[in-house]
């Protein structure tokens, strides 16, 4: 679903909900006055607040569809959050008013006329409010709309209020005291909780608080698992209307060319958007950097640790010695058999994939063909030419910066 389609669908849902609430308000007000039911009149006033919240939601989504301009370069999406804030204030006010009304009703037993008509209106009102709430809840989830979600909660609250009215009218008809006030107080506390959490979410969205730590953890994992990314920092998410915007700075090796850097950034953005449809834009800043920590791959004849004899072959090498280096020199090393030595074709290319799997970022070799060379560079493996008979000689020369970096293949064929 496109952004424009989502907003229009939310706008239509808000308009339908408002129209339904308007009709219910008129009916409840008329019947409440006719029957002398103050609680039904109070319910009508509560429904009037629903109309205001529906209008706020409608215009919030309507305004969100305006295109960005010089004054609002990031668009008008925050209008939906402002609308949600307004709605939450109405819900909170309504809850407080119900709380006070409930206290007063503890000491009063109303004299209800036309009880069947009043009960019927209260019951139908509750049923319509429930259907309206489920409709808005479904649409809010489809388009990720905060204000529609808040309005759906308000409609669910209306169902409880209608239930209160129904029970109150029935018990008042039988002259049972206290029940109306006590039930009203309990429901008003529930309503107050709805309003408080909606208010909190709206304020957090307007202050650009991260919309979800769970989303952050998932995105962190996606970035970490992207080949070519050596680290990241500054991950930020912010909610703007029904959409989420984000940014992050990633670290890739300094020798990576511009095209490769853009490819990695685009891959991260696409992976995040595929995972979360509500992410409207995700900006990836690329920071080339150099590090002293490396995992060096050296083709060797037999695994004898640092005393292993270095071979000239790359793709057909018997083994590879992997040496991890840092600021203090060598931290650890291990050997692995080359699983591609006996391949009939493309042994060099397959060996590059083997090194990538082992997370090597430096390769030291005597000879390297064209296909293998470019594949290694595309996977951000830097390549140096061998200088020394043993692995220890080679690593010492590497740490002393005595090796020549290969900028092109040493031969055409692998």
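Between residue 26 and residue 190, the simple label model (points 7 Å from Cα in the Cβ direction) yields a spacing of 3.0 nm.
From its DSSP helices (H runs of at least four residues, each -39,500 (n - 2.57)), the chain gives a residue-normalised ellipticity at 222 nm of -19500 deg cm²/dmol. Mind running the shape call on segment 213-289? Use the C-alpha gyration tensor, a ≥ b ≥ c as the square roots of the eigenvalues: rounded below 1.5 for a/c, prolate if a/b tops b/c, oblate otherwise. Judged from the Cα gyration tensor, segment 213-289 comes out prolate (a/c at least 1.5, a/b above b/c). Going from the fewest other Cβ atoms within 10 Å to the most, the residues 159, 89, 368 appear in the order 89, 159, 368. Once the C-beta distance of residue 342 and residue 374 is scaled by a Förster radius of 22 Å, the resulting FRET efficiency is 0.40 to the nearest 0.05.
Decide, for segment 77-139, between rounded, prolate and oblate: order the square roots of the alpha carbon gyration tensor eigenvalues as a ≥ b ≥ c, take rounded if a/c falls under 1.5, and otherwise choose prolate if a/b is larger than b/c, else oblate. It comes out oblate by the Cα gyration axes.
Sequence-distant contacts, meaning Cα pairs under 8 Å at least 6 residues apart, place the relative contact order of segment 213-289 at 33 percent. Between segment 65-142 and segment 207-247, what is the separation of their alpha carbon centroids in Å? The two parts, judged by their Cα centres, are 33 Å apart. Shape call for segment 162-232 from the C-alpha gyration tensor, a ≥ b ≥ c root eigenvalues: rounded (a/c under 1.5), prolate (a/b greater than b/c) or oblate? Judged from the Cα gyration tensor, segment 162-232 comes out prolate (a/c at least 1.5, a/b above b/c). In whole Å, how far is the Cα centre of segment 7-35 from that of segment 382-414? Taking the Cα centre of segment 382-414 as reference, the centre of segment 7-35 is 77 Å away.
Given a cut-off of under 8 Å on Cα pairs at least six residues apart, what relative contact order in percent is computed for the chain? Relative contact order, the chain: 11 percent.
Within the chain, what percent of beta bridges assigned by DSSP are antiparallel, to the nearest 5?
The answer is about 60 percent antiparallel.
When 90, 371 are sorted by how many other C-beta atoms sit within 10 angstrom of their C-beta, beginning with the fewest, the order is 371, 90. Each DSSP beta bridge with both residues in segment 294-399 is either parallel or antiparallel, and the antiparallel ones are about 70%.
Every read-out reported here was derived from the displayed coordinates using simple, explicitly stated rules and does not represent laboratory data. As the structure is a prediction and not an experimental result, all values here were calculated from the model. Please note: Cβ atoms are built from the backbone with ideal geometry, for glycine as well, and neighbour counts cover all protein chains shown.
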